[in-house]
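The values are calculated or read from the model by the stated rules, or taken from the named source; none is laboratory data. Predicted model only: the values in this text are computed from it and were never measured. Here the Cβ is made from the backbone with ideal geometry for all residues, glycine too, and neighbour counts use every protein chain on show. To get the accessible areas, we keep the full protein, side chains included, count just its heavy atoms, and leave off ligands, DNA and RNA. Shrake-Rupley method; radii C 1.70, N 1.55, O 1.52, S 1.80 Å.
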Amino acid sequence: MNVSVKELVCNIAKKLSDYENMKCIVNHPNNYIKIGNRSINPFNELSLSHGLPALCALYGELSEQYPDEDWDVLGHQYMKRIGEQINQNGFSSLSMFSGLAGIGLAAVCLSKEGKRYQNFISNINQIIDERIESIIDYLKQKQYPNMDDYDAISGVAGIASYCMLFPQEMEKSISLILKYIVDLCQDKQIEDIKAPGWYIPPENYFSERDKRNWPGGFFNIGLSHGIPALLIVLCNAKKLNIYVDGQDECIKKIADFLIKFRIKEENEAYWGTHVSLEEYKKGSILNKNTRDAWCYGTPGVAYSLLIAGKTLNNQSYIDCAVSGMEIASKRLYDIYSPSFCHGLSGVAYICNRFYEETNLSYFRETALKLANDIMEFYNDEFPFGFKNIEGSEENRVYYDYVGLIDGTAGILLTILAIQNGKKTPWDCAFLLSEV
């Protein structure tokens, strides 16, 4: 590819600043997804996953990387729209990818290290502080959790990741979330056995497909919706000296669970997506369902174990994480989109973080190689330079998305970070930030 990273990223970022054109493209029926019998447009102006906050995070990063080029002005146009939308329609939740935490993160990325948007950010933090206790009280009353109660996408793990950008100011909220996680980690009676409280029964599943695949309930081990997110939150809080009773024991309990329930084949071990109740009772994995992504599979799990190993000074966790990540980064099973959540960008960025945490040159070389592979997906004729790719091999579907999770903003931020280093905390959305 002849185009430089800067040229590619800046060209696309300029296209994304044309609000009416961008909205026209994302609202096209071709970008709707089918869920059951319904057709849904994932674009939502106020969501970090598919909307304007992702673009603000991108312009915030570009403004730090290239301070003389007025990217902050473009970002401010979208921040104003976000403010207007909240004033008109309110907000849907406190969550990272569809609620206030994600909007707060976007403002932090544009804030020139806290100098701008101070009132806006302060108001968001105050609302989270005021509401988190009642949310957790409600969650604690449930017999079993839903994944989106505690996860990185919609749940308290994602909210905690945002709050840790303000460890002093938001210590109370972080501690409440930690206590909830410790509570969730306690064993409870399930059928005829005791098992960790993060067990999800079939009636709490997201989808019919999950019911077919895991009819007896499961333990989710994906970073997006499972216990690796809890592990990272517990570890990052400890690094910030925010501590509640039972925190270390829970770090060890989740890490040991993840190590026990690896898929073992010949000389290698890696992670699947879920552990069924049946597998938990047997003490070993039967189902080899996996992918090598941020959201599910080895990269996300390995990263959580790496952080746990460094936090508890446990070399066996670190070794397990490193060997798993090496396997995943070579294999790239079920990875065919350039996007972050379940595509190449997520794997490339985790490789880069592994390099930063371990100093192993293999991970730096692999991150650079994967960043080049991502750029091969670029097409000047695509409205946003890249498309998100979904579906089976025989039935690929291509979408024009702008967001962080499976859109162009997440791809551009990844390429920039690997090439130039990262200047804003956008990666805390994925629980991948250095604390």
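Here are the numbers:
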item	result
Potential lengthening between LYS179 and ARG396 on full extension [0.36 nm per residue; Cα-Cα distance subtracted]	73.8 nm
Selected from ILE12, ILE127, ILE263 as most flexible by GNM, with the chain as the system and alpha-carbon contacts under 10 Å	ILE127
Dipole-positive endmost among TYR138, SER63, ILE82 within the stretch 58-166 (Cβ charges, Cα centre)	TYR138
FRET E, pair ARG331, PHE206, Förster distance 35 Å, beta-carbon r, rounded to 0.05	0.85
Globularity index of the stretch 350-399, i.e. its alpha-carbon radius of gyration over 2.2 N^0.38 Å	1.51
Cβ-based charge dipole, the chain, positive-most Cα from THR366, VAL322, CYS341	VAL322
J(HN,Hα) series, the stretch 108-124, from Karplus relation 6.51 cos²θ - 1.76 cosθ + 1.60, nearest Hz, glycine and proline x	4, 4, 8, 7, 6, 6, x, 7, 10, 6, 4, 5, 4, 5, 4, 5, 4
Relative packing of peptides 150-156, 72-78, 271-277, 189-195 - highest average C-beta neighbours within 10 Å first	150-156, 271-277, 72-78, 189-195
Computed magnitude of the charge dipole of the stretch 229-358 (debye, nearest 20; Cβ of K, R +1, Cβ of D, E -1)	120
Nearest-0.05 FRET efficiency for ASN119 and GLU268, computed from C-beta distance (R0 41 Å)	0.20
Overall form of the stretch 140-211 per C-alpha gyration tensor (a/c, 1.5; a/b vs b/c)	oblate
Estimated inter-spin distance, GLN77 and VAL3, nm [label 7 Å along Cα→Cβ]	1.9
For THR290, solvent-accessible area (1.4 Å; no DNA, RNA or ligand), Å²	20
Cα lying deepest toward the dipole's positive end in the chain, options ASN31, SER173, SER92, charges on Cβ	SER173
Within the stretch 359-410: Cβ-based charge dipole about Cα centre, in debye rounded to nearest 20 (Lys, Arg +1; Asp, Glu -1)	260
Prolate/oblate/rounded call for the stretch 1-123, Cα gyration tensor, a/c under 1.5 rounded	oblate
Karplus (6.51, -1.76, 1.60) ³J(HN,Hα), θ = phi - 60°, over the stretch 195-212, in Hz, Gly and Pro reported as x	8, x, x, 7, 4, 10, x, x, 5, 9, 6, 6, 9, 5, 4, 4, 5, 5
Accessible surface ranking that places the most exposed of LYS112, LYS15, LYS252 first, with a 1.4 angstrom probe	LYS252, LYS15, LYS112
For the stretch 333-340, 3J(HN,Hα) per residue [Karplus equation, 6.51 cos²θ - 1.76 cosθ + 1.60, θ = phi - 60°, Hz, x = Gly/Pro]	5, 6, 10, 9, 10, x, 6, 7
Spin-label model distance (nm) - LYS112 vs ILE127, 7 Å beyond Cα toward Cβ	2.5
Nonlocal amide H pairs with SER93, under 5 Å, H built at 1.01 Å	LEU100
LYS142 paired with GLN186, simple spin-label distance in nm, labels 7 Å along Cα-to-beta-carbon	1.8
Within-9-Å neighbourhood charge of PHE384 [Cβ basis; K, R +1; D, E -1]	+1
Potential extension, ILE33-ILE193 segment - 0.36 nm per residue separation minus Cα distance	53.6 nm
Prolate/oblate/rounded label for the stretch 78-214 (Cα gyration tensor, a/c 1.5)	prolate
Potential lengthening between ASP68 and LYS288 on full extension [0.36 nm per residue; Cα-Cα distance subtracted]	74.2 nm
Listed pairs LYS112/LYS260; LYS369/LYS423; LYS260/LYS422 exceeding 32 Å between Cα atoms	LYS112/LYS260; LYS260/LYS422
